[in-house]
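In what follows, a single structure is set out as structure tokens and then discussed.
The values are calculated or read from the model by the stated rules, or taken from the named source; none is laboratory data. All values derive from a computational prediction rather than experimental measurement. So basically every Cβ, Gly included, is an ideal-geometry build from the backbone, and we count neighbours across all protein chains shown. To get the accessible areas, we keep the full protein, side chains included, count just its heavy atoms, and leave off ligands, DNA and RNA. Shrake-Rupley method; radii C 1.70, N 1.55, O 1.52, S 1.80 Å.
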Amino acid sequence: MKTQISSALAAAAIMISCAPTNPQLRADNIDDVIKAMTVEEKAHLCIGTGMAGASGDSAVVGETKNIVPGAAGTTYPIPRLGIPAVVLADGPAGLRINPTREGDSATYYCTHFPIGTLLASTWNQELVEEVGKAIGNEVLEYGADVLLAPALNIHRNPLCGRNFEYYSEDPLIAGKIAAAYVRGIQSNEVGTSIKHYAANNQESNRMANDARVSPRALREIYLKGFEIAVKESAPWTVMSSYNYLNGTYASERYDLQTTILRDEWGFNGMVMTDWFGGKSAKAQMIAGNDMLQPGQDRQFDEIVAAVKDGSLPMADLDRNVRRILEMIVKTPRFKGYQYSNKPDLAAHAAVTRQSATEGMVLLKNAGNVLPMKSLKSVALFGCTSYNFIAGGTGSGNVNRAYTVSLLDGLKNAGYSVNESLKAKYESHIIAENERNKPTGPYAMFLPTPPPTELVPGAAELAKMVKSTDVALITIGRNSGEFLDRKAEDFNLSKEEDALITSVCRAFHAAGKPVVVVLNIGGVIETSSWKSRPDAILLAWQGGQEGGNSVADVLSGKASPSGKLTMTFPINFADHASSANFPTEGKSSSMNFTDHGEQKALEKNWDFTNYEEDIYVGYRFFDTFGKEVSYPFGYGLSYSNFEYSDLNISNDNNNVIVSFKVKNVGNVAAKEVVQVYASAPDAKSANKPEKELRAFSKTNTLEPGAVADITLSFPTTDLASFSENSTAWITTEGTYSILVGASSRDIRLNGEVSVKANEQKTNDLFQLQTELNRLTR
């Protein structure tokens with residue numbers, strides 16, 4: 001027996017020694033590794049590792065427990081070829097992983113940074129890059145490799161549930177802010193995934209809705225931000241969106257994932273689906289959607305079968321595998337980085353606190369009530385004052401150690417808060433939260449409905465007026481993934497309206513001021529009530545240090561310098577997309593694996609017509625003379641600024657705009673400057689009245705200080721997309737250059753002559769029709 005075993009072992013040893021050595025993945029031998037892979041290994045690498053509850057019954061949408069608990073997913077490891085699993089984790093307001101782990105007494109909290117809308121409202125690309133550096137450090141030190149962020153879809157409509165993650169109604173801001181965020185994250189040698197590519201502008205039926213968008217609107221509005229981010233920051237990956245785009249899933253569109261993204265823009269990274277996105281694995285592979293997350297058995301089977309029957313060329317599969325491997329070899333995990341699980345959370349808390357102050361927008365400050373230098377005793381009204389909202393819900397949430405409420409922030413800043421009012425609110429909030437708690441398997445991803453607002457009686461108000469210097473009222477709104485806001489969420493509730501009315505009446509009768517703080521993630525109606533309080537501070541959702549950040553602005557420790565990156569309309573119906581957006585707040589299906597057939601039966605659910613075309617946000621309001629509550633680019637300061645000495649030139653490649661900004665007030669502050677351009681044929685050629693072409697933010701200017709500003713943009717940025725010519729066409733003529741503090745506060749204007757130019761592109765829809773014929 002021993003002789004037989006020895007002989008068998010010897011034979012096996014001979015076979016092993018004669019077998020070809022498996023190549024081990026390196027950055028310089030990717031082609032050799034691909035040649036050594038089986039079809040099955042290639043298919044596995046392209047579909048991720050799957051996850052529990054893939055049938056749609058899991059309460060955790062996107063979680064891997066094996067490497068970094070709570071991360072969204074991993075790539076498929078192939079140990080025999082030295083290919084590790086790398087970790088993909090959610091963002092964008094910070095890293096989303098589990099804060100505790102089974103059998104481990106340590107905690108793994110992450111910093112909740114300000115929401116995307118607030119960061120964009122800073123108009124400060126350098127600051128956003130610094131925030132990105134801090135987030136990227138947590139990604140690195142907690143062992144993740146790619147952060148699934150930033151999200152830069154357009155604010156097409158105020159009710160989109162994920163607007164809090166997105167940046168603006170304007171693609172220039174969206175692209176520039178996203179690029180800064182990506183540069184910051186990737187400076188840590190970890191990756192990003194810009195999302196959701198493209199036209200993912202509603203949560204309602206998001207996995208089966210057909211966004212019907214003209215080629216011009218796609219090019220000028222919905223793709224432009226992604227183009228800027230790709231060209232200016234080279235993200236490691238792009239995440240394709242859930243929705244259909246003009247009848248075909250975005251993840252299955254060759255023209256979107258390859259022709260435009262790679263051939264026109266020069267993207268050389270990897271494309272992955274959103275979790276369970278798309279339907280046909282074969283079509284996604286052909287389109288250039290390299291990785292399907294989180295991975296399902298049916299996708300594996302479909303890819304292998306398609307290769308074997310010849311309908312999926314091996315060259316296409318190898319191309320996708322190569323892109324995945326090129327991403328893997330850049331990761332910390334592949335390079336053997338020994339992560340600490342101990343990022344500097346205290347330092348990052350300071351970053352989030354300071355960054356949040358720069359994005360808060362002062363909407364009103366009658367009589368210079370703010371800052372509250374001499375007002376020290378506060379009557380704090382509004383449930384959200386005591387239960388501050390750090391950010392939205394869903395995959396954009398962050399498991400942080402704490403959230404500083406406005407109550408806490410005011411106390412930390414040295415203000416006293418009426419204790420009896422505090423006790424009443426806190427008991428009311430506990431009861432309301434218990435009553436309103438979401439239930440069901442997906443409750444963790446749904447926002448808790450806000451408490452019904454308390455409206456104090458006359459006697460209670462009289463006590464508050466007598467014992468305090470100022471009233472602060474916080475109005476809160478939360479939103480998140482899976483569902484859009486209801487139309488009624490845009491307006492104040494009757495209780496909120498009554499609260500503002502009664503508090504203002506009582507305090508103003510005694511000559512005392514009222515300040516409203518808006519702790520919201522998206523636009524709400526302000527026109528009907530903004531005349532009542534003395535001051536309004538749009539605080540957005542400032543992350544875990546939000547209460548401290550608001551107190552810094554209210555006290556004058558920081559001067560507000562945020563400006564709106566979207567328009568606040570007078571009424572919801574004034575918005576150009578209001579007739580073509582779901583307003584019922586109906587929840588999307590939670591069955592992620594059964595997309596069904598796209599029936600196109602119910603408007604704004606099965607399909608959404610983008611009838612407003614390019615006229616999104618201020619492009620609509622300003623062009624057609626619609627009155628608004630607060631215009632795009634608007635925001636007050638504790639100081640005032642004077643613009644002068646405009647000079648405009650054209651070197652045949654770029655328009656260069658220079659001017660001076662002087663702080664003519666008494667407070668050190670920063671100013672956001674905006675450069676718009678108006679085409680000579682704007683009216684006759686169906687173009688917006690004006691479009692943002694450049695922006696900047698000054699450094700802190702002391703009273704009397706002057707900043708010399710020089711901004712430039714390519715003359716090709718003045719082009720409009722012609723569907724007839726499938727080209728970007730710059731009209732020859734004299735363009736108006738407008739320098740302003742908002743889209744409706746133009747301080748300087750001049751002109752520049754520009755020569756005609758035409759840049760040919762590919763026709764999206766002819767390409768896609770042919771591809772559909774070949775792959776279906």
Whole-number accessible area per residue in Å² for segment 148-296, which is evaluated in the context of all protein chains at 1.4 Å: 14 Å²
Degrees between helix 2-18 axis and first principal axis of the chain (Cα, 0 to 90, nearest 10): 70 degrees
Over the chain, relative contact order from alpha-carbon pairs under 8 Å, at least 6 apart, %: 14 percent
Listed residue pairs exceeding 31 Å between alpha carbons, taken from K494/K626; K373/K670; K424/K563; K176/K373: K424/K563; K176/K373
Label-point separation, A423 to A234 (7 Å along Cα→Cβ), nm: 6.2 nm
Virtual paramagnetic centre 7 Å along Cα→Cβ of E189, amide N under 12 Å, in segment 332-355: 332-339
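Hey, what did segment 389-482 get for relative contact order, percent, Cα under 8 Å, at least 6 apart? Mind showing how you got there, number by number?
Details: 65 pairs, mean separation 40.7, N = 94.
After rounding, I find 43 percent.
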Beta bridges by DSSP in segment 416-570, antiparallel share as percent, to the nearest 5: 10 percent
Antiparallel DSSP beta bridges within the chain, percent to nearest 5: 60 percent
Lys/Arg +1, Asp/Glu -1 at C-beta; the chain dipole; positive extreme among L370, T608, S187: L370
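Could you sort the peptides 410-417, 454-461, 175-182 by per-residue average Cβ neighbour count (10 Å cutoff), highest mean leading? Present the calculation step by step, with values, prior to reporting the outcome.
On the way: 410-417: 16.8, 454-461: 14.4, 175-182: 28.5.
Descending packing order for the listed peptides: 175-182, 410-417, 454-461.
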Distance between modelled label sites at Q338 and A756, nm, 7 Å Cα→Cβ extension: 6.7 nm
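Once you have a ≥ b ≥ c as the square roots of the Cα gyration tensor eigenvalues for segment 178-298, tell me rounded if a/c is under 1.5, and otherwise prolate or oblate according to whether a/b is larger than b/c.
Working: a/c = 1.62, a/b = 1.23, b/c = 1.31.
Judged from the Cα gyration tensor, segment 178-298 comes out oblate (a/c at least 1.5, b/c at or above a/b).
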Solvent exposure of segment 494-640 as accessible area per residue, Å², 1.4 Å probe: 31 Å²
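With the other protein chains left in place, how much accessible area per residue, in square angstrom, belongs to segment 645-765 at a 1.4 angstrom probe?
Details: 5490 Å² over 121 residues.
It amounts to 45 Å² per residue over segment 645-765.
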Residues listed by number, segment 680-711, amide nitrogen under 13 Å from N650 label point at 7 Å toward C-beta: 680-681
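Quick one: pull the percent of accessible area on the chain belonging to carbon and sulfur, 1.4 Å probe, ligands and nucleic acids left out.
Numbers: 13780 of 27750 Å².
On the chain, the fraction of accessible area on carbon and sulfur atoms equals 50 percent.
Which net charge results for the neighbourhood of L538, defined as the other residues with beta-carbon distances under 12 angstrom from its beta-carbon, given Lys and Arg at +1 and Asp and Glu at -1?
On the way: positive: K364, R477, K530, K563; negative: none.
After counting each charged neighbour, the total is +4.
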